[in-house]
Structure formats: structure tokens, C-alpha cells
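These notes concern the structure reproduced below.
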Amino acid sequence: MIPTWRLRAAFARRLSAMYGAEVPAYTTLLEVTGEVNDEVARRDPDAGRLGGIERVTAERHGAIRVGTPRELRQAAQVFAALGMRPVGFYDLRDATTSAVPVVSTAFRPVEPEELDRNPFRVFTSMLTTADRRFFDAGLQARLETFLDRRTLFPPELLTLAERAEREHGLAPEPAERFLTLAVAAFELSPEPVDRAWYRELARISAVAADIGGVTSTHVNHLTPRVLDIDALYRRMADRGITMIDEIQGPPRWDGPDVLLRQTSFRALDEPRAFREPDGSVTTGALRVRFGEVEARGIALSRTGRARYDALVTETDRRLAAAADEGDGGGPTTRQDVARPLWEAGFPRSEQRLAAEGLGYFTYAPTAGRPRDGQHPPADLAGLLEHGWLTARPIVYEDFLPRSAAGIFTSNLTGQGTRDTARTGTPYDEHRLAEALGRPVHDPFQIYAAQQDASLRRALEALGADDALRKLSPT
């Protein structure tokens with residue numbers, strides 16, 4: 001049997017090779033990422049604190065888009081065969097001023113040991129066809145009819161995926177067949193695109209056209225992980241690759257790296273066949289696929305995430321105020337505005353981040369601490385400050401709705417249209433779970449359980465009974 005994690009690792013490698021063949025600039029992105037990671041690892045002995053260089057080098061996340069709950073359930077089955085569960089709910093419809101009518105989840109491993117083996121993730125978005133801000137009743141009906149006619153995942157692939165999930169792996173021959181079919185399901189189709197239909201959807205949203213204007217799905221981007229995203233951004237530009245205008249997520253600063261920073265090269269014109277209204281087939285181009293790169297930091301608790309969101313809101317407010325005032329000589333870039341806010345509003349060390357309950361960590365008794373007859377303190381801050389415990393950050397394995405939407409919109413050809421006078425279709429993690437036919441895991445609960453288990457083991461080893469009685473999961 002080839003176990004689940006090996007199937008996942010093989011799928012990630014093959015998908016990366018396929019995407020590199022289809023989008024050569026992605027291969028350049030991998031080369032530059034590797035260069036930067038090697039340089040950081042050589043100069044920084046602590047570079048592996050948020051994941052060893054082998055894990056970081058192998059790490060990828062992909063993004064795909066589907067049109068209906070049926071297609072989403074089928075995608076979930078394929079990823080379940082790879083040990084990847086739906087984690088988190090992301091509503092991108094209101095995360096940007098552009099028209100992005102999708103809700104999303106991320107399929108990924110959830111157990112720490114599985115993430116260490118291969119942390120492959122796929123950010124998967126589903127079109128919200130019933131949302132009247134984007135689609136009137138007539139267009140919704142025609143769009144759903146179009147989507148219901150297509151088959152994204154062949155029955156043989158789904159049958160093998162069910163077996164792989166049930167048996168926690170596959171024998172070599174069916175494993176090879178499964179991987180071949182799974183990669184093929186995400187290749188760019190050569191089938192001609194109905195130009196009139198695609199244009200009609202693109203007037204509403206370029207994302208809607210990319211999902212509902214074609215007869216298949218495809219990888220929209222693959223994302224390697226880099227240890228210095230600012231250096232990569234500069235180096236890609238030096239190679240003549242046009243990058244988007246800014247790095248999404250937290251600013252670069254002197255404190256702990258938290259959550260997720262992302263950027264990408266702009267979507268490239270790719271030749272596609274088009275079917276014209278008279279039935280003829282012509283050649284044109286579409287811009288829907290791009291290469292993203294990410295730098296991952298420490299997972300934040302709910303309290304830490306609320307503080308992050310407040311800092312983002314204040315950054316937006318100050319940028320808008322600066323734009324209204326015109327050129328007054330003050331800071332005008334997001335980095336210029338955000339950095340001093342972070343320096344004033346966020347802990348400058350991992351120890352404070354842990355002590356204040358803002359981030360997630362695993363804990364262990366400090367090795368070699370001298371026995372001085374003292375009793376362990378009853379609070380986490382004291383245990384850290386006086387050297388009883390060491391804290392190791394838990395890597396943020398998930399995504400930020402605003403950053404995801406920012407990447408989407410920075411690569412669109414137009415803003416699309418949205419009827420703001422109408423009310424959007426309500427969606428939350430419960431409705432998404434109904435569409436999936438599977439529970440959607442709460443990322444905060446995953447991190448908190450990992451932290452709590454390690455903390456309790458550490459306190460039991462120390463005999464810190466007072467701390468055990470008082471401490472609770474962050």
C-alpha cells in the first residue's frame with residue numbers, strides 16, 4: 001500500500017510539474033524561491049524555527065475554483081483521498097470592492113505529523129450563483145444549467161478516491177491511475193471557449209467567467225513558500241517578471257512574523273481557442289492564471305487575530321485620509337502607514353506574544369534548567385519569563401480572506417459589476433458544510449488543541465499543579 005501522505009506528496013509534485021509546463025514563469029518563481037531560501041538558511045541559524053528547510057522547500061498551496069455544491073463535494077472527495085480536510089470558511093464577496101462572487105475553504109492536513117510530512121493545501125472557491133448582487137434570476141438559471149451539464153471529475157477518479165479514503169492509501173497500480181486522473185482533472189483544457197458566453201459572465205466578474213464560462217476547472221495558481229518574501233519580490237522584478245503592486249498581509253517589521261504574507265506575478269496572456277457565434281473557432285488570449293508566493297508566520301489566537309484586524313482597519317483609515325488630503329509629504333504606502341502601527345500595537349517578541357495569549361505555541365520544559373528549589377509560577381508569563389518553559393511557534397497553515405481577495409483582484413482584467421442595493425445570499429461555515437457534505441474544521445480549534453495538549457504535558461512534567469489548575473487553552 002502507498003499511504004495517504006505519500007499519495008499527497010506525489011500529487012503535489014506532479015501538479016507542480018504540470019503547472020510549470022503550462023506556465024513557464026512559475027518555474028522561474030520556483031528557481032528564485034529556492035535561491036532565496038538557500039541564502040536565508042545559510043545566514044540565519046534560526047531559519048527553521050517555522051519549519052525546516054526541507055519542509056519549506058517542498059511546501060505548496062494551490063487554488064482551484066468550482067461552480068456548484070456537487071462539484072465542491074467531488075473536489076472534497078479527491079482531496080480526502082490525500083488526507084486533506086476542509087478547514088476554515090472564507091467569504092470573498094465582501095473582502096474587496098471588485099466583484100468576486102465566491103465563498104471558499106482550504107483543503108489541508110490537520111494533524112501536526114501529517115503537516116510535517118507534506119503540508120500541501122488547496123484553496124478552493126465555489127461560485128455563489130444565487131447571489132442577486134451579481135446574477136439576476138435569468139442568468140442564474142442559464143449559468144446553473146451550463147454548470148450542471150459539465151463533468152469536472154470522472155467517475156473512475158471519484159471511485160478510486162473513495163477507496164483511498166476508506167483504506168488510507170492505495171496499492172501501486174490503482175495509486176498510479178488515481179494520480180494520473182487527479183492531475184489531469186486540473187490541467188487547462190484545450191476545448192474552445194464560447195466567446196459570447198464568457199464575455200457575458202466577465203462583465204459581471206472575471207472570476208465568474210473563469211469558473212462558469214468554461215467546461216472544466218484548472219489550477220489558478222500554485223504557491224511555493226519563501227523565507228524572505230521581500231527579497232524574492234525584488235529579485236523577480238530584476239528578472240523581468242511583472243509583480244503585483246504590493247505584498248498582501250502584515251507589513252515587514254522587526255517583530256515576530258505572524259500569519260501570512262503573499263504576493264504574485266501578474267496573470268499572463270495565454271492563448272486559448274474560442275468558438276465564435278457563427279460556429280467558427282479562432283485564437284485569442286485570456287489572463288486568469290498566475291504564480292503566487294507566500295511567507296508563513298505564527299498562528300494567532302482569536303484575540304491576536306482581532307488585534308491584527310483592528311490594525312488593518314486603522315491602516316485603511318489612515319491611507320484613505322492621506323489620499324483625501326493629497327500629497328502632504330507624509331507616508332502614503334501601506335507599508336509606511338502600517339509599520340509604525342504594528343510597532344505600537346503588537347508585541348515585539350515571541351515571548352510576549354505567547355505570554356499575552358495572542359499567538360499559538362507548543363510548550364516544553366526548559367532543558368537543563370538549574371534546580372534551585374523554587375516552585376513553578378502559576379501563570380504562563382511567569383513560567384516563560386523565569387525559564388521554566390520554552391515556547392515554539394505553531395506555523396499558520398491557513399489563509400486571510402482580504403489577502404486572498406487582494407491576490408484575486410490584482411490579477412483581474414476588470415472590476416466587474418455588483419448591485420449594492422441588493423442583499424447578498426447568506427453563507428457561513430454551516431451552509432458550506434452542507435454543500436460539502438463534510439464538517440468544516442475551525443482553524444482556531446485546531447491550533448488551540450495542539451497548544452493545550454503540549455502545555456498540559458509540559459506542566460505535568462514540571463509538577464506545576466497550580467498552573468495546571470489555572471491555565472486554560474488560549
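Looking at segment 243-256, I want the residues that are closer than 17 Å to Leu227 by Cβ and assigned by the TED database to the domain that holds Thr28 and have a partner that is part of a loop (DSSP other than H, G, I, E, B) and open to solvent by 30 Å² or more (accessible area, probe 1.4 Å) with Cβ atoms under 6 Å, at least 6 apart or on another chain. Which pairs are those?
Close Cβ pairs (under 6 Å, with a partner that is part of a loop (DSSP other than H, G, I, E, B) and open to solvent by 30 Å² or more (accessible area, probe 1.4 Å)) amount to Gly255/Arg348.
One line per residue, one yes/no per condition, for (1) assigned to a loop (DSSP other than H, G, I, E, B); (2) surrounded by 22 or more Cβ atoms within 10 Å (Cβ to Cβ):
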site: Ala391; (1), (2): no, yes
site: Glu397; (1), (2): yes, yes
site: Ala404; (1), (2): no, yes
site: Ala421; (1), (2): yes, no
site: Arg438; (1), (2): yes, no
site: Arg456; (1), (2): no, no
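Checking Ala99 against (1) open to solvent by 10 Å² or more (accessible area, probe 1.4 Å); (2) closer than 18 Å to Gly213 by Cα; (3) among the small types (Gly, Ala, Ser), only one condition comes out false. Which one?
With respect to (1) open to solvent by 10 Å² or more (accessible area, probe 1.4 Å); (2) closer than 18 Å to Gly213 by Cα; (3) among the small types (Gly, Ala, Ser), Ala99 is out only on (1).
Residue-by-condition table, conditions (1) open to solvent by 60 Å² or more (accessible area, probe 1.4 Å); (2) outside any helix (DSSP H, G or I):
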| position | (1), (2) |
| --- | --- |
| Gly279 | no, yes |
| Ala321 | no, no |
| Pro340 | yes, no |
| Pro347 | no, yes |
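Quick test of your reading of the structure: Asp210 fulfils all but one of (1) in a loop (DSSP other than H, G, I, E, B); (2) crowded, with 16+ Cβ neighbours inside 10 Å. Name the failing condition by number.
Status for Asp210: all satisfied but (1).
Considering (1) closer than 24 Å to Pro112 by Cα; (2) not in a strand (DSSP E or B), say which one Ala295 fails and leave the rest.
(2)
Filtering segment 1-51 down to residues that are open to solvent by 20 Å² or more (accessible area, probe 1.4 Å) and not in a helix (DSSP H, G or I), which residue is farthest from Leu227 (Cα to Cα)?
Out of the qualifying residues, it is Met1.
Among the candidates Gly382, Gly416, Gly368, Gly373, single out the residue that is surrounded by 14 or more Cβ atoms within 10 Å (Cβ to Cβ), out of contact with any strand residue (DSSP E or B) (no Cβ under 9 Å at 6 or more places or on another chain) and part of a loop (DSSP other than H, G, I, E, B). First the steps, then the outcome.
Values: Gly382 fails: part of a loop (DSSP other than H, G, I, E, B); Gly368 fails: surrounded by 14 or more Cβ atoms within 10 Å (Cβ to Cβ); Gly373 fails: surrounded by 14 or more Cβ atoms within 10 Å (Cβ to Cβ).
The unique qualifying residue is Gly416.
Which ones in segment 423-433 are open to solvent by 70 Å² or more (accessible area, probe 1.4 Å) and either closer than 30 Å to Ala267 by Cα or in contact (Cβ under 8 Å) with a residue 12 or more places away in the chain (or both)?
Looking only at segment 423-433, we keep the residues that are open to solvent by 70 Å² or more (accessible area, probe 1.4 Å), and these are 423, 426, 429-431.
Thr423, Glu429 - these are the residues of segment 423-433 that are open to solvent by 70 Å² or more (accessible area, probe 1.4 Å) and either closer than 30 Å to Ala267 by Cα or in contact (Cβ under 8 Å) with a residue 12 or more places away in the chain (or both).
Which ones in segment 296-319 are open to solvent by less than 10 Å² (accessible area, probe 1.4 Å) and either farther than 23 Å from Asp442 by Cβ or out of contact with any helix residue (DSSP H, G or I) (no Cβ under 9 Å at 6 or more places or on another chain) (or both)?
First pass over segment 296-319, keeping only residues open to solvent by less than 10 Å² (accessible area, probe 1.4 Å): 297-301, 304, 315.
Across segment 296-319, the qualifying residue is only Thr315.
The values are calculated or read from the model by the stated rules, or taken from the named source; none is laboratory data. This structure is a prediction, so every number in the text was calculated from the model and none was measured. All Cβ positions, even for glycine, are placed from backbone atoms using ideal geometry, and neighbour counts span all protein chains on display. We work out accessible area using only protein heavy atoms, side chains counted, and drop any ligands, DNA or RNA first. Shrake-Rupley method; radii C 1.70, N 1.55, O 1.52, S 1.80 Å.
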